[in-house]
Amino acid sequence: MRRAILFAADGRLRAIWRGALFLAACVVALFVASWAAASLHSALAMWGIRTVVHPLVYPLGFLAAHWLMLRKVDQRDWSYAWLGRDAASPRKLGVGLALGSLALAVPAGLLLASRQLTVANAADGSWLGAALLSAVVLLPSAFAEELFARGYIFALLREASGWRVALAVTSIGFGLLHVMNPGASWQSLSVVVLAGFFLGAIVLVTGSLYAATLAHFAWNWFIAAVLHMPVSGIPVVGSPDYRVVETGPDWLTGGSWGPEGGIAAGLGLSIGLIYLSWSATRRG
């Protein structure tokens, strides 16, 4: 009886226990990664060497938890969580990068053309430096969020309850992860949930968590480095030379949350979802 509670008919731990073990592994791995990053930073600082290691804490911690679950507990390949070698093919990476860029760039361009967003002067600075800094911060962050929201947990939910449940649960959870961000509202969080569906659909259609990571990164980087606007309510870098400000209504432009909280961005995500659905249907 006790064994039936813990293990399924195939001898594996039941999904609920594997999920709990994964979350516990994430906590431990993040603690260890944080300690290691702080120690490395302190040691190098003694030699006058400046490093940027803290953005790597979360992706490394989540990768360690994936390694434990996939290789030691489940004894599965990395492809189970869409992290195999084939998932990193140039074609799949290009698809993710293009979808993430276009889903935000097209609505933002239309808002600029219609004067709902305008370009204002800002203090002189290095655009390239700010763009590189935002990439250093946003790429590891995007990978960490994808690992946590659409990696092992997504695969586990799909195995246990099907892809529809996995997509819905992880997308809603993705929205709730942003509930404490500055300026969060029901509309901005709804658009983040929609972004969760968009990114989850990329994973399912391409079979690549890396593609979803690049889509996530491209979306955020365009907001921070090109528009010089907040990402989910959080300013990432400064605004060298110029900044884009909203002049239209907040429900359209996103207001203080940034453009990803507005209806325009939601429409961009919806069109991306329609394309992904069509692409999956065409494949049969």
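Counting just the residues of the range 7-41 that are of a type in the set (D, E, K, R) and out of contact with any strand residue (DSSP E or B) (no Cβ under 7 Å at 6 or more places or on another chain), which one comes out least open to solvent (accessible area, probe 1.4 Å)? Going through the qualifying residues, I end up with ARG18.
Select from the range 265-279 the residues that are of a type outside the set (A, V, I, L, M) and touching a residue at least 24 places away in the same chain (Cβ under 8 Å) and write down the one among them that is most open to solvent (accessible area, probe 1.4 Å).
The selected residue is TYR275.
Quick check: anything in the range 176-184 within 21 Å of GLY255 (Cα to Cα), open to solvent by 10 Å² or more (accessible area, probe 1.4 Å), in a helix (DSSP H, G or I) and in contact with a Leu (Cβ under 9 Å, 6 or more places away or on another chain)? Yes, the range 176-184 contains a residue that is within 21 Å of GLY255 (Cα to Cα), open to solvent by 10 Å² or more (accessible area, probe 1.4 Å), in a helix (DSSP H, G or I) and in contact with a Leu (Cβ under 9 Å, 6 or more places away or on another chain).
Scanning the range 132-148 for residues that are under 14 Å from ALA65 (Cα atoms) and open to solvent by less than 10 Å² (accessible area, probe 1.4 Å) yields ALA144, GLU146, LEU147. VAL95 passes every criterion in (1) open to solvent by 30 Å² or more (accessible area, probe 1.4 Å); (2) outside any helix (DSSP H, G or I) apart from (2).
Hey, could you check the range 68-92 for residues that are of a type in the set (Lys, Arg) and more than 22 Å from SER279 (Cα to Cα) and say which is surrounded by the most Cβ atoms within 10 Å (Cβ to Cβ)? Before you say what the answer is, go through the steps one by one.
From the range 68-92, those of a type in the set (Lys, Arg) are 71-72, 76, 85, 91-92; that's our starting set.
If we keep only those that are more than 22 Å from SER279 (Cα to Cα) too, we end up with 71-72, 76, 85.
Values: ARG71: 12, LYS72: 9, ARG76: 14, ARG85: 9.
Here the residue is ARG76.
Return a yes/no flag: does the range 191-212 have any residue that is surrounded by fewer than 24 Cβ atoms within 10 Å (Cβ to Cβ), free of Cβ contacts under 8 Å to residues at least 40 places away in the same chain and within 18 Å of PRO107 (Cβ to Cβ). Among the residues of the range 191-212, at least one is surrounded by fewer than 24 Cβ atoms within 10 Å (Cβ to Cβ), free of Cβ contacts under 8 Å to residues at least 40 places away in the same chain and within 18 Å of PRO107 (Cβ to Cβ), which makes the answer yes.
For the range 103-124, the condition of being under 22 Å from ILE202 (Cβ atoms) and open to solvent by 60 Å² or more (accessible area, probe 1.4 Å) holds for at least one residue. Here LEU111, LEU147, LEU138, LEU99 are screened, and the one residue that is in contact (Cβ under 8 Å) with a residue 12 or more places away in the chain, in contact with a helix residue (DSSP H, G or I) (Cβ under 6 Å, 6 or more places away or on another chain) and over 22 Å from LEU214 (Cβ atoms) is LEU111.
Report yes if GLY129 is over 19 Å from TRP78 (Cα atoms), out of contact with any Lys or Arg (no Cβ under 7 Å at 6 or more places or on another chain) and either open to solvent by 40 Å² or more (accessible area, probe 1.4 Å) or not polar (S, T, N, Q) (or both), otherwise no. Against the criterion (over 19 Å from TRP78 (Cα atoms), out of contact with any Lys or Arg (no Cβ under 7 Å at 6 or more places or on another chain) and either open to solvent by 40 Å² or more (accessible area, probe 1.4 Å) or not polar (S, T, N, Q) (or both)), GLY129 qualifies.
When the residues of the range 238-264 are narrowed to those that are of a type in the set (Val, Ile, Thr) and either in a helix (DSSP H, G or I) or within 18 Å of the chain's Cα centre (by Cα) (or both), which ends up surrounded by the most Cβ atoms within 10 Å (Cβ to Cβ)? Reasoning before the result, please.
First pass over the range 238-264, keeping only residues of a type in the set (Val, Ile, Thr): 244-245, 247, 253, 263.
Going one step further and asking which of them are either in a helix (DSSP H, G or I) or within 18 Å of the chain's Cα centre (by Cα) (or both), we end up with 253, 263.
On the way: THR253: 26, ILE263: 18.
Selected residue: THR253.
Being open to solvent by 60 Å² or more (accessible area, probe 1.4 Å), under 23 Å from LEU63 (Cβ atoms) and among the basic types (Lys, Arg) is the requirement here; does ARG164 meet it?
So ARG164 does not fit the description; no.
The values are calculated or read from the model by the stated rules, or taken from the named source; none is laboratory data. Predicted, not measured: the structure shown is a model, and the values here were computed from it. Glycine gets a Cβ as well: all are built from the backbone with ideal geometry, and neighbour counts include every protein chain shown. Protein only, heavy atoms only, side chains kept; ligands, DNA and RNA dropped before computing areas. Shrake-Rupley method; radii C 1.70, N 1.55, O 1.52, S 1.80 Å.
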